[in-house]
Protein chains: 2
Amino acid sequence: MDLFNNNTAQPKATHQFNEQEQYGLYKSIFNRRDVRGQFLATKIPNDVLSRILYAAHHAPSVGFMQPWNFIVIQCPEVKTKIHQSFTLAHQEAQTMFEASKQEKYKNLKLEGIIESPINICITCDRNRTGKTVIGRTHMKEMDLYSSVCAVQNFWLAARAEGLGVGWVSILHHDTLKATLALPDSVVPIAYLCLGYVSHFQKKPELESANWLPRRPIDELVNFNGWGQEARNESEQALIKALKSNQTFPQSFHP
Amino acid sequence: MDLFNNNTAQPKATHQFNEQEQYGLYKSIFNRRDVRGQFLATKIPNDVLSRILYAAHHAPSVGFMQPWNFIVIQCPEVKTKIHQSFTLAHQEAQTMFEASKQEKYKNLKLEGIIESPINICITCDRNRTGKTVIGRTHMKEMDLYSSVCAVQNFWLAARAEGLGVGWVSILHHDTLKATLALPDSVVPIAYLCLGYVSHFQKKPELESANWLPRRPIDELVNFNGWGQEARNESEQALIKALKSNQTFPQSFHP
């Protein structure tokens, strides 16, 4: 007997997507890349861009706050200023890595600000719906997280439309804020480069470059508390399923 | 002449998903709901749960840090403790709203901790790959944002599998951390309730309840800087496309 669930209604079969639809979602998740070096000049049609923005706008938001704005940047002067901020920050960053990694770091291409036809800054207006927000009363960062969810929707929709996105975070926060004239209450969450690409990398670039390996997912899953391993049959079966990596149809696989 | 792009290669038609695949992604984005009151007791199969976790694990992460862990919670004692933390925080929250909204707030169902068969806490280990992380040298919050991207992947994959997710943020951070025995360096990002549902709401509950309206997306898009409206033909066409709400095939529409 399960003390915690006495609702015996059954879920509707229609709630689950059909295989083609599921494939579309998982394909986007597994083939999304952080694009830096493969941008093309090809113009992005407005109907494509509007669908991607529409997807971002349908992210979850705390208290239905919708704290995001989307600043679409094509002006060469603005892009140049942001690129200068990147160049400075990138030089500063080099010295932060241990000596053995500095050379490798220097050779990584980490942004496509100028080459991508459109840059977009997704922001969070912390005052959007007043001081008190449902769900933000105790965790003040929830509005920032809502805007991050918009970024991820944007990224996945772009991938489905055949567009690459690169998130540039090696920037000085104050320069970014001043360049885009953001008010005090508005936080820049993500500075994104958007464009068609020559190709999508098969794997994340930092994985291919042996900067870091993909972590085995079964080592990231615990039960009921930090570090607690599977103890009952059901928990052990989940770990086994994660290890086997066989729970997707072969065609789904990244 | 475009001074910034001299790459004249064309994108491959195969980069764009076919219509069925795009539909799957957009369907998940537009039909995802923050579920509180519709959870069923139905057991979640391990292969379904493992696919959702696998999707979360393929979120973008700064410097390929993969800072997330997934704590799967089915233990009634743990759920009860979290629910107690919610109850306390919820009572405190009531008094924070202006008088006219307090009654409405009290009547909203804001969590499904006990009824949902599985709770999952997605965390961020800020020390995962050492102190210096590519892309986090200047924006220290990037690892937190990576874990939020994992939450959004989790949520979308769950929807495609026919499962509802509710994000509970009306909790005391310290109680959550203590209950799950999280180390100092680990931040709880999202406490999620997961389960099959009796039905998915057509619209977000706070929209249906007239707590707040959906914002018109065209009012959230600016160009090259905060508050700057469309000035050229292309920018005006984007705003027109966003206003028309006609850029999706009718069948895609939320």
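Since every read-out is calculated from the coordinates, none of them should be taken as a lab result. Values in this document were obtained by computation on a predicted structure and should not be read as measured data. Quick reminder, even Gly has a Cβ in these numbers, built from the backbone with ideal geometry, and neighbours come from all protein chains shown.
I want the local charge near B:Met65. Using Cβ-Cβ distances under 15 Å, sum +1 for each Lys or Arg and -1 for each Asp or Glu among the other residues.
+1
What helices does chain A have that are whole DSSP H segments, at least 20 Å long along their own axis by Cα, and with mean Kyte-Doolittle hydropathy of 0.5 or more? TM-like helix candidates: A:142-160. Would you compute the Debye intensity of region B:175-226 from its alpha-carbon atoms alone, equal scatterers and no solvent, and pass along log10 I(q)/I(0) at q = 0.18, 0.26, 0.27 Å⁻¹ to two decimals? Taking Cα atoms of region B:175-226 as identical point scatterers yields -0.86, -1.01, -1.06.
Along the axis of the charge dipole computed for region A:56-179 (Cβ charges of +1 for Lys and Arg, -1 for Asp and Glu, origin at the Cα centre), the listed residues A:Leu163, A:His173, A:Ser146 are led at the positive end by A:Ser146.
Here the translational diffusion coefficient of chain A follows from Stokes-Einstein with Rh set to the Kirkwood radius across Cα pairs; for 37 °C and 0.692 mPa s it amounts to 155 µm²/s.
Over all other residues within a Cβ to Cβ distance under 12 Å of B:Lys240, the charged ones net out to -3, with Lys and Arg as +1 and Asp and Glu as -1. Remark on region A:113-254: Rg and Dmax equal 19.9, 56 Å (Cα only).
For region B:44-191, the Kirkwood radius over C-alpha pairs fed into Stokes-Einstein at 37 °C and 0.692 mPa s yields D = 198 µm² per second. When the charge dipole of chain B is built from unit charges on Cβ atoms (+1 for Lys and Arg, -1 for Asp and Glu) and taken about the Cα centre, the candidate among B:Ile189, B:Pro117, B:Ile29 whose Cα reaches farthest toward its positive end is B:Pro117.
Starting from the label point of A:Ser234 at 7 Å along Cα→Cβ, the same points in the other copies fall at 5.4 nm, in ascending order. Close amide H partners of B:Tyr196, meaning residues 5 or more places away or on another chain with modelled amide H under 5 Å apart, are B:Leu40, B:Gly164. Counting only other chain Cβ atoms within 10 Å of each residue's Cβ, the peptide A:223-235 averages 5. Seen from every direction in turn and averaged, the convex hull around the alpha carbons of the protein assembly as shown projects onto 22.7 nm². Chain B has one residue whose beta-carbon comes closest to the axis relating it to chain A; that residue and its distance in whole Å are B:Gly24, 1.
Counting beta carbons within 10 Å around each of B:Trp226, A:Trp155 and listing the fewest first gives the order B:Trp226, A:Trp155. For B:Ala178, the shell of other residues with beta-carbons less than 13 Å away shows a net charge of 0, using +1 for Lys and Arg and -1 for Asp and Glu. Can you give me the Kirkwood hydrodynamic radius for region B:35-127, using every pair of distinct Cα atoms, in Å to one decimal? Computed over region B:35-127, the radius equals 15.9 Å. Only the Cβ atoms of Lys and Arg (+1) and of Asp and Glu (-1) were treated as charged; on that basis the dipole of chain A about its Cα centre amounts to roughly 300 debye. Among A:Asn46, A:Asn224, A:Asn127, the largest mean-square fluctuation in a Gaussian network model of chain A (Cα springs under 10 Å) belongs to A:Asn224. Sorted from shortest to longest, the distances between the A:Met96 label points of this copy and the other copies are 3.1 nm, with each point 7 Å from Cα along the line through the beta carbon. Between copies, the label points of B:Thr132, set 7 Å from Cα on the Cα→Cβ line, lie 4.8 nm apart, reported in increasing order to one decimal in nanometres.
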